[in-house]
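Enquirer: The following block contains the structure, expressed as structure tokens.
Nothing in this text is a laboratory measurement; each read-out follows from the coordinates by a stated rule. Fair warning: this is a prediction, and the values are worked out from it, not measured in the lab. As a convention, Cβ positions derive from the backbone with ideal geometry for all residues, glycine included, and neighbour counts pool all protein chains shown.
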């Protein structure tokens, strides 16, 4: 019986290893397709923004996306980064820039504190070992509290938190105030594909899909 159990355990392990290798290969192909489309650049910034536009950067990390948007359009950018070390770096980077607002918390479906694993730009509350506690703020309350009536571009790269957040934005009606939603869905969340498809179905009621690279980046534009 012990030999059978060990054999079954070994089979499961090698099946797991094969699945991980296959998933890495699929993701590599998806990432390459994205870079090919985008001229080798990590960000897509082709939007109709002006100096008086408002952009949200959810998952600021080191502020590169915020910098790129501000450099191109000179617009106001709200950058959200709940990890202390990264928030410190962003605040130093944009000190004295009155058009960039750095928030040391993330946006979510509710006010809460959660644990997060630290892995540079892959830091996540949905995988890995908890290494730091972070603060999240209910998105609808923050937007109302800031008296923001329109968000011209919202970039969402929050390592698994996008599902709860987008469901909240749709349920609360805030989604109707967002002109463009650029989001990266992550496939390590339980039932990721099913949840993504349901969110996409609901998004299609107010927005239209303008481009998509599955589980890499996609963009939804508000219908006129």
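Enquirer: How would you rank 155, 62, 92, going from fewest to most other Cβ atoms within 10 Å of each one's own Cβ?
Expert: In increasing order of surrounding Cβ atoms, one gets 92, 62, 155.
Enquirer: Then there is this: In whole Å, how far is the Cα centre of segment 60-94 from that of segment 152-205?
Expert: 21
Enquirer: Something else about it: Can you tell me the relative contact order of segment 143-224? Whole percent, Cα pairs under 8 Å, sequence separation 6 or more.
Expert: Reported relative contact order: 30 percent.
Enquirer: Sticking with this structure for a sec: Report the residues of segment 69-99 in range of a label on residue 51: point 7 Å along Cα→C-beta, backbone N strictly under 19 Å from it.
Expert: Answer for segment 69-99: 69-78, 96-99.
Enquirer: In addition: Could you grab the relative contact order for segment 54-222? Cα pairs under 8 Å, six or more apart, rounded to a whole percent.
Expert: 18
Enquirer: Also, quick follow-up: How big, in percent, is the set of alpha carbon pairs in segment 133-224 lying more than 19 Å apart?
Expert: Considering segment 133-224, 36 percent of its Cα-Cα pairs are separated by more than 19 Å.
Enquirer: Among 90, 114, rank each residue by its count of other Cβ atoms within 10 Å, from fewest to most, as a rough exposure measure.
Expert: Going from least to most buried by this count: 114, 90.
Enquirer: Sticking with this structure for a sec: Treat the count of other C-beta atoms within 10 Å as a stand-in for reagent exposure and order 154, 196 from fewest to most.
Expert: Lowest to highest Cβ neighbour count: 196, 154.
Enquirer: Quick one: length gained pulling residue 167 to residue 62 fully straight, 0.36 nm per residue minus the C-alpha distance?
Expert: Fully extending the segment from residue 167 to residue 62 adds 35.2 nm.
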